[in-house]
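Here's the structure we're looking at; comments come further down.
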Amino acid sequence: MRLFRAPGQIVRLAILFVIVASVLISVRRRFVPPSFGELGHYRADAIKEVAAQPIKYAGWQACVDCHAAEAEMKNRSYHRGLACEVCHGPSHDHAEDPISHTPAVPRKRGEVCLYCHAYLPARPTGFPQIDERAHNPMEPCIKCHNPHDPSPPAVPESCSACHGQIAKMKAVSHHASLSCERCHEAPAEHRTNPRAYLPKKPTQRDFCGQCHAAEAKDGPEVPRIDLATHGGRYLCWQCHYPHFPES
């Protein structure tokens, strides 16, 4: 009876497989924590390490127990999504012993408020932003705004109060003399609740054609085009930025 002998390449592959498997097992034993996989695809001992860390934050629920009036006011305001400790700092010790530990109470100009409300072009359009040097200089924010209900004391009269970047760009463009309402139909409620009442934007080429079509009646200095052929199927604002149409 002849014994079966595996081909040489199969033997070599089997030896290689055993070596690789041994290396992987050795690596796992050395570098993979023993608790990995006990509670899922992560290191179970991490839970014990996190639980052993000192507690710093109390959570907004603890604040409500003593500061119900402020919490009720905040929950009706634009700051309803902010936790108390965003502005007042870690307050676990204060919740445990209110007399000995007092939380931070920002009172200086820009101490906390400017983290969110300083002018930054990357922030969403309509988000309240200010230029610290121009907006009530030297005055603390809390003089005009209650942090628990930061609604402005007066409704902004100009769109630039919230749309500063757009206003600055439009001011140096050929559209500088146009009012915002010329192109945007905005309900009155937009000034007090901007995200709930959005302004409308033009959706047809004919809107721009009121000034820029060849047959338009505006002054001769306005650039004119043939709406039927200029730009083909594209809308005007796909090539020209309305707030700076020269670009």
| Is the stretch 62-75 home to any residue that is surrounded by 16 or more Cβ atoms within 10 Å (Cβ to Cβ) and in contact with a strand residue (DSSP E or B) (Cβ under 6 Å, 6 or more places away or on another chain)? | yes
| Residue identified as touching a Phe, Trp or Tyr at 6+ places or on another chain (Cβ under 9 Å) and in contact (Cβ under 8 Å) with a residue 12 or more places away in the chain among ALA58, ALA83 | ALA83
| Is there any pair linking a residue in the stretch 228-247 that is within 20 Å of HIS163 (Cα to Cα) to one that is open to solvent by less than 60 Å² (accessible area, probe 1.4 Å) and among the hydrophobic types (A, V, I, L, M, F, W, C), with Cβ under 7 Å and at least six apart or on different chains, and which? | PRO242/CYS183; HIS243/ILE166
| note | Among HIS190, HIS148, the single one that is in contact with a helix residue (DSSP H, G or I) (Cβ under 7 Å, 6 or more places away or on another chain) and over 30 Å from ARG224 (Cα atoms) is HIS148
| query | Restricting the stretch 26-58 to residues that are closer than 30 Å to ASP149 by Cα and loosely packed, with under 14 Cβ neighbours inside 10 Å, which is modelled with the lowest pLDDT? | reply | ILE55
| message | Being touching a strand residue (DSSP E or B) at 6+ places or on another chain (Cβ under 7 Å) and surrounded by fewer than 15 Cβ atoms within 10 Å (Cβ to Cβ): is that true of GLU185 here? | response | yes
| remark: Condition set aromatic (Phe, Trp, Tyr) and within 21 Å of LYS74 (Cβ to Cβ), scope the stretch 110-159, selection modelled with the highest pLDDT: answer is TYR115
| query | Going by the structure shown, is SER173 part of a loop (DSSP other than H, G, I, E, B) and either of a type in the set (Asp, Glu) or more than 19 Å from the chain's Cα centre (by Cα) (or both)? | reply | yes
| query | On the given criteria, is GLN204 open to solvent by 60 Å² or more (accessible area, probe 1.4 Å) and at pLDDT 85 or above? | reply | yes
| message | Based on this model, can you work out whether PRO223 counts as within 30 Å of LEU82 (Cα to Cα) and either out of contact with any strand residue (DSSP E or B) (no Cβ under 9 Å at 6 or more places or on another chain) or of a type in the set (D, E, K, R) (or both)? | response | no
| Say we look at the stretch 110-160 and pick out the residues that are part of a helix (DSSP H, G or I) and touching a residue at least 12 places away in the same chain (Cβ under 8 Å); which of these is nearest to PRO199 (Cα to Cα)? | CYS159
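The values are calculated or read from the model by the stated rules, or taken from the named source; none is laboratory data. Please read these numbers as outputs of a predicted model, since none were measured by experiment. With ideal geometry, Cβ positions are generated from the backbone for all residues, glycine too; neighbour counts draw on all protein chains shown. For the accessible areas, the whole protein counts, side chains as well, though only heavy atoms, and no ligand, DNA or RNA atoms are used. Shrake-Rupley method; radii C 1.70, N 1.55, O 1.52, S 1.80 Å.
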